[in-house]
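Each remark here refers to the structure printed beneath this line.
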Amino acid sequence: MSDSLKQDQRAGDHSTNVQAQHVEIQQHIHQGLTLEEARKEFMALFADNFYRLQSLARETAERRAREITERFLADLMQRNPAGLGTAEDPDFQAVLFTAQREYARSGREELSDMLVNLLVERATAEDAGLLRIALNEALTAAAKLTPAQWDALSFLFRVRVGKSRSATTTQDVVEFVDSEVAPYALGSPDNPMDYHHLECVGCVVTDGFMGSSLANRIGEEYRSLFTLGFPYAKFYDAAIPGDDAVNDLLKPNWRDPENQQFVAMDESALIQDCAALGLSHDKIRKLRGLLHLNP
């Protein structure tokens, strides 16, 4: 043996000597929960927090909780495996347990579909602010609503918020309503109490929606398309001379090219466009009046 490799050890009583030419230290770096670990942790979460039911009721609840947990994990791993990193987030575990609890209580298959989709969206949401809060609230509210009320919410959203900004003629609106609005409208409930319940749960403010027909709502949301327009002279008077920039607010009326109509579809969009141009409140008020001419 070479002198350079000669090693000498001394040790005290009750000690163990380890001698090696090379010592290799292996370090385990924690990368978060594995799928199996997440599965066990999620089921333990349910077992530790759900009601102490008896006999068959307990078995049914545990089976349902396992079903929705497995469905969620399967969908998550298919759509975004990185979302498994939220497993150890206390906020996510809280909403996961909410989903487990509500499906364990009801066993409604359509509720399971809704909750699983919301859980996957929540697990993959990168926005730590309003989006996560909204998804958390949706997971809490979903079990309090019927499928018909879900359709009503989708209908209200499509009419009020998700309307087509590319529509330039009434035919565009008809096609949009036929494909994006009508399916939800057909599934929406007729009983006013369903809409009052939506308000009580905090899902929506109906603000007179029940007293308005679909035709009236569409006409209101796409008011700029359901007018005969107005002469440019009226716009010029309302805008006050010298405001050439506001011409960007206009386009020829699709039914009567001699008249003008606003590019904005409704009053709220018109106000936003006017504010972006720096128009005064008085000018905006006058222009809003033109939007309501010749309905």
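The values are calculated or read from the model by the stated rules, or taken from the named source; none is laboratory data. Keep in mind the model is a prediction, meaning the values are calculated, not measured. Positions of Cβ are generated from backbone atoms using ideal geometry, with glycine treated the same way; all protein chains shown enter the neighbour counts.
Quick notes on this one:
- Elements of type helices (runs of 4 or more DSSP H) contained in region 232-295, each with 1 or more residues being aliphatic (A, V, I, L, M) and modelled with pLDDT under 80: 232-239, 281-291
- Candidates Leu153, Leu115, filtered to the one that is closer than 23 Å to Ala269 by Cα and of a type outside the set (Gly, Ala, Ser): Leu153
- The numbered conditions (1) of a type outside the set (Lys, Arg); (2) exposed (fewer than 14 other Cβ atoms within 10 Å of the Cβ); (3) at pLDDT 90 or above are all true for Ala142 except (2).
- Candidate set from region 93-117 (those that are surrounded by fewer than 20 Cβ atoms within 10 Å (Cβ to Cβ) and in contact with a Leu (Cβ under 8 Å, 6 or more places away or on another chain)); member that is farthest from Leu33 (Cα to Cα): Thr98
- Residue that is modelled with pLDDT of 75 or more, outside the structural domain of Lys251 (by TED's automatic domain parsing) and under 30 Å from Trp254 (Cβ atoms), where the choices are Ser154, Ser164: Ser154
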